[in-house]
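The values are calculated or read from the model by the stated rules, or taken from the named source; none is laboratory data. As the structure is a prediction and not an experimental result, all values here were calculated from the model. Every residue, glycine among them, receives a Cβ derived from its backbone with ideal geometry; neighbour counts consider all protein chains shown. Note: areas computed on protein heavy atoms with side chains; ligands, DNA, RNA excluded. Shrake-Rupley method; radii C 1.70, N 1.55, O 1.52, S 1.80 Å.
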Amino acid sequence: MRKTVTRRSFLAGAAAGSASLFIRAGAAAQGRAEFAFTQYHNQTADSSLHKRLSEMWSTVRTETGGRVDTQVFPLNNNVTGSDPTALKMLVSGEIQFFTLMGGVLGAAVPVAEIQQVPFAFRTAPHAHQAVDGALGAYILEEMAAKGIHGFTVGAFDNGMRQITPVSKPIVVPADLKGMRMRVPAGAMFDDMFRTLGCEPVTINSIDIYAGLKSGKADAQENPLALVDGFKLYEVVKYVSMTNHMWSGFNQMAHLPTWQRLPADIRQTIDRNVTRAVRLQRADQEAANGRLRAELTKRGLIFNDVDQAPFRGQLSGFYKTWKGRLGAKAWSLLETAAGTTLA
């Protein structure tokens, strides 16, 4: 990250408790960016997320006449600790932009966990309606209270999550008993799979392949696009189509940095985030749709799963999380989901 700071920007940053907004001295006169930012995300360099973020920031640079220059780093720039570390870096202003799913964001913004409530959404487009609507607006309010700026249409897509075991398919809940299930660093993930009889094992995305190959985990759960992108088809045999949860990548900004940007630049970034999100959602939906056939050709064995028995085992889980997330958030979720969950 580039840290050439003028006296004016340093004092502004210090006043807000952060030096995350870097304004280069004489930048305009020398043809250099006035604002230099860093964007992290946890997907690979050949992912749709990386492609659309890179395009987005290139367009922002063009539309602002070169005033904004943002470097995009896949795999969170390989920072030790991955998502949890990057989240702390965003909150402190060490990085200015970051994408992260709600279940992991919950460590800083507890209500964001609501994006991961199991069996709440039928499809990815169904989830998009929720996170672009009243439920998403409430999450944005809570993010702001924690020093994070979120975008009205800011949830890039990951997709509906499926279980991919190494050695046996999942057909009924009993098949999960005692299984070491890789989960991301989120309380709801851990609680859900413990409730279903698993032994959750927290592993960051970049290390899933190694965890499955070494036997640290017996299975993992993610959309098909991640199975493909991280080459997990080399270390798993089965894909059980549970569609148990939707997940996305919330585009976020360090709030003090965002607030100090000129209004025209904020508007340009906001407009381009919306466009990039919609393009990437279409990319991801198409990828998750075609990958069943492609992964079957690679030797994976698919089975479709009846959700009812799994959801039936989560009644106590839903009651617990309704209490933790609050009546307002839960009501907004049920309205968006079109069903009663607890």
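Descriptive notes on the structure:
- Unique match (being at pLDDT 95 or above, surrounded by fewer than 19 Cβ atoms within 10 Å (Cβ to Cβ) and out of contact with any Phe, Trp or Tyr (no Cβ under 8 Å at 6 or more places or on another chain)) among ARG266, ARG292, ARG271: ARG271
- Selection status of ILE301, farther than 16 Å from SER54 by Cα, among the β-branched types (Val, Ile, Thr) and open to solvent by 30 Å² or more (accessible area, probe 1.4 Å): yes
- Segments classed as helices (runs of 4 or more DSSP H), wholly inside the range 215-332, with at least 2 members that are among the aromatic types (Phe, Trp, Tyr) and within 20 Å of ALA174 (Cα to Cα): 315-325
- Of all residues making up the range 41-58, the number that are open to solvent by less than 40 Å² (accessible area, probe 1.4 Å) and part of a helix (DSSP H, G or I): 7
- Exclusive hit being touching a Pro at 6+ places or on another chain (Cβ under 8 Å), buried (at least 18 other Cβ atoms within 10 Å of the Cβ) and at pLDDT 95 or above, set VAL117, VAL183: VAL183
- Scanning the range 303-331 for residues that are in contact with a helix residue (DSSP H, G or I) (Cβ under 6 Å, 6 or more places away or on another chain), among the charged types (D, E, K, R) and touching a residue at least 60 places away in the same chain (Cβ under 8 Å) yields a total of 0.
- Residue list for the range 62-87, filter: within 20 Å of ALA107 (Cα to Cα) and open to solvent by less than 70 Å² (accessible area, probe 1.4 Å): LEU75, ASN76, VAL79, GLY81, SER82, ASP83, PRO84, THR85, ALA86, LEU87
- In the range 195-247, of all residues being acidic (Asp, Glu) and more than 23 Å from LEU100 (Cβ to Cβ), the one that is surrounded by the most Cβ atoms within 10 Å (Cβ to Cβ) corresponds to ASP218.
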